[in-house]
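What follows is a short report on a single structure.
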Amino acid sequence: MSAFILTTESPADLSKEYYEETGIPYIPYHFQVKDGELLTDWVGAGMTIAQLSDMMNQGVVPKTSQPNTAEYEEFFEPYLQAGWDIFHVVFSSGLSGAYNACLAAVEELKEKYPERRIVAVDSRAAAPGFGLMVDEVYTRYKKGASMDELEDFVLKNRDHLQHWFYVTDLKYLKNGGRVSAASAAIGNMLNICPLMFVDKEGKLNVYEKIRGRKKIINATVEKMVQHAKDGTGYYGKCFIGHFNAYDEAVTLKEAIEERITGIDGGIRIFEIGKTIGAHSGPGTIALFFWGDEKVEPKS
């Protein structure tokens with residue numbers, strides 16, 4: 001058995017079944033709807049994605065929050081007390097301040113448990129893309145990789161974890177301040193879908209604006225053809241995420257399968273969780289795979 005435990009965070013957007021199968025502990029983020037209480041984002045429990053989606057369709061603008069330093073300490077400490085070292089994979093520092101809060105907790109705990117080791121590594125990934133990174137780390141962890149080897153893997157490969165997103169309703173990006181109210185109104189009227197990506201800093205960027213559902217699906221598939229390692233002969237894992245848009249995710253999956261062969265274990269579909277979905281909105285579709293270096297933002 002490894003002398004350390006692998007842990008992660010709820011915005012990895014892996015399923016309840018995945019966590020039960022692997023036994024990976026995760027620290028949950030929080031979300032809030034209307035002026036209600038702060039809710040904890042336990043995977044597969046509490047408010048469902050469909051319920052949150054319905055509320056957003058009715059005009060609710062959810063708020064989300066990361067764990068604070070004290071919560072990280074509370075999460076890590078039982079494992080340290082039990083004699084475990086910890087390798088923790090963190091949500092993108094480009095989208096949240098969680099990484100800094102986590103590092104502050106690590107420094108506090110190192111003083112309290114000097115004989116223990118804690119490594120917290122920034123995935124610079126989000127949603128099931130973050131989940132794909134965690135899954136690859138878990139595969140190596142089960143094969144006996146050391147903490148140094150796992151850290152080296154994440155640092156060397158996070159720039160090769162491709163994230164491509166699109167949304168079907170711009171009002172949610174408007175609510176999050178990513179597009180103006182006028183742009184959202186005109187874009188929805190013209191059926192424009194922005195194709196977005198996550199860059200090397202783990203930040204979300206708009207790549208291009210595409211008009212029409214069929215065109216945005218084709219453009220997303222084309223990004224995989226262009227950027228996946230080995231192109232149409234890609235042999236690696238591929239995850240698709242959706243926020244209350246399963247049928248759309250299946251359509252994308254089928255379109256990919258027409259172009260790409262040899263995907264390891266087939267394409268897996270996961271729900272985008274509340275932390276990301278609260279900002280991108282119902283109808284969000286995302287594609288994640290291993291490829292060349294992430295593209296840079298357009299100037």
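The values are calculated or read from the model by the stated rules, or taken from the named source; none is laboratory data. Since this is a predicted model, take the numbers as computed values, not measurements. So basically every Cβ, Gly included, is an ideal-geometry build from the backbone, and we count neighbours across all protein chains shown.
Numbers below:
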item: Residues of segment 210-229 classified as loosely packed, with under 13 Cβ neighbours inside 10 Å, without any contact (Cβ under 8 Å) to a residue 12 or more places away in the chain and among the charged types (D, E, K, R), total; result: 1
item: Enumeration of residues in segment 48-68 that are assigned to a helix (DSSP H, G or I), under 21 Å from the mean Cα position of the chain (by Cα) and surrounded by 15 or more Cβ atoms within 10 Å (Cβ to Cβ); result: ILE49, LEU52, SER53, MET56
item: Residue within segment 269-292 that is of a type in the set (Gly, Ala, Ser) and surrounded by fewer than 17 Cβ atoms within 10 Å (Cβ to Cβ) present; result: no
item: Test: LEU287 is aliphatic (A, V, I, L, M) and in a strand (DSSP E or B); result: yes
item: Close pairs (6 angstrom Cβ cut-off, 6 or more residues apart or separate chains): surrounded by fewer than 24 Cβ atoms within 10 Å (Cβ to Cβ) in segment 117-132, among the charged types (D, E, K, R) anywhere; result: ARG117/ASP85; VAL119/GLU151; VAL121/GLU151
item: Among (1) crowded, with 19+ Cβ neighbours inside 10 Å; (2) modelled with pLDDT of 80 or more; (3) under 24 Å from GLY59 (Cβ atoms) - the single one ASN175 does not satisfy; result: (2)
item: Matching residues in segment 6-32 - criterion: being over 15 Å from GLN66 (Cα atoms) and either surrounded by 19 or more Cβ atoms within 10 Å (Cβ to Cβ) or among the aromatic types (Phe, Trp, Tyr) (or both); result: LEU6, THR7, LEU14, TYR18, TYR19, ILE24
item: Number of positions in segment 250-279 that are touching a residue at least 40 places away in the same chain (Cβ under 8 Å) and among the hydroxyl-bearing types (Ser, Thr, Tyr); result: 1
item: Subset tally (residues that are in contact with a Pro (Cβ under 9 Å, 6 or more places away or on another chain) and more than 23 Å from PHE87 (Cα to Cα)) for segment 23-38; result: 4
item: Residue match in segment 134-142 (condition: surrounded by fewer than 18 Cβ atoms within 10 Å (Cβ to Cβ), touching a Ser or Thr at 6+ places or on another chain (Cβ under 9 Å) and within 20 Å of GLU21 (Cβ to Cβ)); result: yes
item: Filter result for LEU132 (touching a strand residue (DSSP E or B) at 6+ places or on another chain (Cβ under 8 Å), in a helix (DSSP H, G or I) and closer than 30 Å to CYS193 by Cβ); result: yes
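For (1) over 25 Å from THR139 (Cα atoms); (2) assigned to a helix (DSSP H, G or I); (3) of a type outside the set (Ser, Thr, Tyr), each residue gets a yes or a no:
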position: THR232; (1), (2), (3): no, yes, no
position: GLY236; (1), (2), (3): no, no, yes
position: PHE239; (1), (2), (3): no, no, yes
position: ASP247; (1), (2), (3): yes, yes, yes
position: LEU252; (1), (2), (3): yes, yes, yes
position: ILE256; (1), (2), (3): no, yes, yes
position: ASP264; (1), (2), (3): no, no, yes
